Amino acid sequence: MTESSKKQQLYEAIRANPFISQQDLANQLGLSRSAVAGYIAGLIRERRLLGRAYVLPDHRPVVCVGAANLDRKLRSTDALALRTSNPASQSESFGGVARNIAENLARLGTTVALLTAIGADTSGAALLAHAESLGIDVRGALRLDGCCSGTYTAVLDRDGEMVVALADMALYDRMDPAFVDARQAQLAGAALVVADLNLPRDTVAALAHQARRNGTPLVLVAVSEPKMARLPDDLSGVRLLILNAGELAARAGRPLPDDDALKAAMREVRAQGARDLVVTRGARGVLVTAGNDIVDLPAPPADVVDVTGAGDAFAAAVCWSLVQDNSNNGGAEDLVLACRRGLHLSALTLGVPETVHPGLGPDSLATEHPLQ
């Protein structure tokens, strides 16, 4: 057997099981462990493998970093009256911005990993088990004793619009820069990293630093106006920032009463280092930077059943499009197409009671036609 054929056999064995040990490879192929190590080093030099754990270039995951919560929804059955009891229906589901994006991506057929934090409770175990059932890699999750997993409780009016939401997410403050450093290999091997602003400010800065160093595209997704304080001053390394109009106003430090004001603020934030911005405006669609221009994309019509998860669906479809079309370093047309896909998936999600559309599949965004 020639040296090249041995290397090819080893490559095929790793392709079949990317987490196989060197000793198992040696036993399977009748080689010494030192010989296996040498062949692996050669494959890494050739960029046929991307380091530990032998990540193949065409199987690189999207790594989602941030919150994974137990979501509770309380929907009023009549007009809401404040400071008194209201009849309502209740439901529970799995949520969290990063987790929702990860589930959308997994259902769309993307290889996904989720880096999050959970408590030592039944909710945390259920969150991870559900993610694993969808094929999401959760081995890098931070498991914390002595605290509860994150929760998000939304109060909806009878039309499905959110009135108020309460979030217990203190455990994500434990996802500090050391957490990021401990997962450098996983992040460096990603096709794209998407992180939400439930993370501490220093952690977001650490992710941006890694993105600059490794050349891995980083997408940041805002979660609320108060948590815009977690966005670093220097946005160098950020491929894309997704936020709504109120969150952009929080970053700009002033009211933004119309689209001209929004566009001016987008240019200011872009000058802080972010390559591109997308600003969502609910039923009015989105504004997206496209080269030196800002494009206004209208939202498609939607029958609103529940608004929860629609923004996360938008972000997931944008990330899917950037990876699917290999357009992380592409032009303005790629991001505009990604946002069109995002608006399509957001509209679909608005029309179902679930946080993530249960009918998603690998072909759901291949065209702009609705799911059947």
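Computed values, structure above
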{"item": "Residue tally, condition open to solvent by less than 10 Å² (accessible area, probe 1.4 Å), farther than 11 Å from Val336 by Cα and in a strand (DSSP E or B), over region 279-304", "result": "1"}
{"item": "Residues of region 222-275 classified as open to solvent by 50 Å² or more (accessible area, probe 1.4 Å) and closer than 21 Å to Ala313 by Cβ, total", "result": "2"}
{"item": "From Leu50, Leu70, Leu29, Leu56, residue being modelled with pLDDT of 85 or more and under 26 Å from the mean Cα position of the chain (by Cα)", "result": "Leu70"}
{"item": "Residue check, Val238 part of a loop (DSSP other than H, G, I, E, B) and under 24 Å from Pro217 (Cβ atoms)", "result": "yes"}
{"item": "Those residues of region 192-205 which are open to solvent by less than 10 Å² (accessible area, probe 1.4 Å) and assigned to a loop (DSSP other than H, G, I, E, B), in sequence order", "result": "Leu197, Asn198, Leu199"}
{"item": "Any hit, region 258-275, residues being under 30 Å from Ser93 (Cα atoms) and under 22 Å from the mean Cα position of the chain (by Cα)", "result": "no"}
{"item": "Region 168-184, residues that are within 19 Å of the chain's Cα centre (by Cα) and either outside any helix (DSSP H, G or I) or closer than 26 Å to Ala310 by Cβ (or both)", "result": "Met169, Leu171, Tyr172, Met175, Asp176, Arg183"}
{"item": "Matching residues in region 305-335 - criterion: being open to solvent by 40 Å² or more (accessible area, probe 1.4 Å) and either outside any loop (DSSP other than H, G, I, E, B) or at pLDDT 95 or above (or both)", "result": "Gly311, Gln324, Glu333, Asp334"}
{"item": "Single unsatisfied condition, Leu187 versus (1) part of a helix (DSSP H, G or I); (2) farther than 18 Å from Leu105 by Cβ", "result": "(2)"}
{"item": "Scope region 206-221; condition part of a helix (DSSP H, G or I) and open to solvent by 40 Å² or more (accessible area, probe 1.4 Å); matching residues", "result": "His209, Arg212, Arg213, Asn214"}
{"item": "Among residues of region 165-176, those that are out of contact with any Pro (no Cβ under 8 Å at 6 or more places or on another chain) and not hydrophobic (A, V, I, L, M, F, W, C), counted", "result": "2"}
{"item": "Odd one out for Leu74, checked against (1) closer than 30 Å to Arg158 by Cα; (2) outside any strand (DSSP E or B)", "result": "(2)"}
{"item": "Filtered residues of region 73-89 (kept if open to solvent by less than 80 Å² (accessible area, probe 1.4 Å) and either in contact with an Asp or Glu (Cβ under 8 Å, 6 or more places away or on another chain) or within 30 Å of Gly140 (Cβ to Cβ) (or both))", "result": "Lys73, Arg75, Ser76, Ala79, Leu80, Asn86"}
{"item": "Hey, Ser149 farther than 24 Å from Ile242 by Cα, in contact (Cβ under 8 Å) with a residue 60 or more places away in the chain and under 20 Å from the mean Cα position of the chain (by Cα) or not", "result": "yes"}
{"item": "Meets criteria (out of contact with any helix residue (DSSP H, G or I) (no Cβ under 7 Å at 6 or more places or on another chain) and more than 20 Å from Cys319 (Cα to Cα)) for Ala211", "result": "no"}
{"item": "Residue satisfying all of: in region 264-311; free of Cβ contacts under 8 Å to residues at least 12 places away in the same chain and small (Gly, Ala, Ser); nearest to Val155 (Cα to Cα) among these", "result": "Ala264"}
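The values are calculated or read from the model by the stated rules, or taken from the named source; none is laboratory data. The model shown is predicted, which means the values in this text are computed figures rather than measured ones. Heads up, the Cβs are rebuilt from the backbone with ideal geometry, glycines too, and the neighbour counts pull from every protein chain shown. Side chains are part of the model used for accessible areas, which takes the heavy atoms of the whole protein and leaves out ligands, DNA and RNA. Shrake-Rupley method; radii C 1.70, N 1.55, O 1.52, S 1.80 Å.
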